[in-house]
Amino acid sequence: EAQVTQNPRYLITVTGKKLTVTCSQNMNHEYMSWYRQDPGLGLRQIYYSMNVEVTDKGDVPEGYKVSRKEKRNFPLILESPSPNQTSLYFCASSLSYPGLAGVEQYFGPGTRLTVT
Amino acid sequence: GESVGLHLPTLSVQEGDNSIINCAYSNSASDYFIWYKQESGKGPQFIIDIRSNMDKRQGQRVTVLLNKTVKHLSLQIAATQPGDSAVYFCAENNAGGTSYGKLTFGQGTILTVHP
């Protein structure tokens, strides 16, 4: 089944404890992206990757790192999480960048992160 | 499901009515727009897209209208069904710019369809 998977789905952690949220897709997609979703703010893009070893900042990259060593995986790293990073996180992938008409972006199920 | 809709605009309709969801976008350089549907507890799902060289595009039961003059986008859903109840987001992209990988989402609108 074609899908985007994220792990973990739920995580409660403490301030300063490094964590990684994994994202994997099995559709051979070039483009992958991370978003955070907060009440009343919609989705905001954190980082995106046009292809392996190519990553770029979205609108809210501060406090996050990403890497794209393989096409299928795009982990999100929080080196020193803070309470303002408590949010719902979504990973997404698509065949190419979103501006290419008809290229549909597929989203994972989300990761609910709470930082205390 | 997860609560992501606090303080969002809401639209409440009866089953069978037509729904119109509006979106004002911010970047006059944006040239590609997408509508997404997000059901409770799930990730967003692509509905329909439109390029800036068009002012209307139709899909199955959905139509997107684009007014570049006032930077406004709308999604029309015909014969709305209870299964259409969700949060709807517009998103914009500047496909012709240097940051063509960036996607900016609107705040979202909660659509509730009553049987």
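What follows is calculated from the coordinates using simple rules that are stated; it is not laboratory data. This is a predicted model, so every value here is computed, not measured. Reconstructed Cβ throughout: ideal geometry from the backbone, glycine too, with neighbour counts over all protein chains shown.
Descriptive notes on the structure:
- Its relative contact order, with pairs defined as Cα atoms under 8 Å and 6+ residues apart, puts chain A at 35 percent.
- 14 Å beta-carbon shell around B:A29, net charge (K/R +1, D/E -1): +2
- Summed residue charge, Cβ within 15 Å of B:I50's Cβ, Lys/Arg positive, Asp/Glu negative: 0
- Here the simple spin-label model places points 7 Å from the Cα toward Cβ, and for A:Q3 and A:K57 these points are separated by 3.5 nm.
- Overall, the protein assembly as shown carries a charge dipole of about 400 debye about its Cα centre when +1 sits on the Cβ of Lys and Arg and -1 on the Cβ of Asp and Glu, all other atoms neutral.
- Summed residue charge, Cβ within 13 Å of A:V103's Cβ, Lys/Arg positive, Asp/Glu negative: -2
- Region B:19-45 versus region B:85-101: alpha-carbon centroid distance in Å: 7 Å
- In the elastic network of chain A, a GNM with C-alpha springs shorter than 10 Å, the most mobile of A:G102, A:G16, A:G63 is A:G102.
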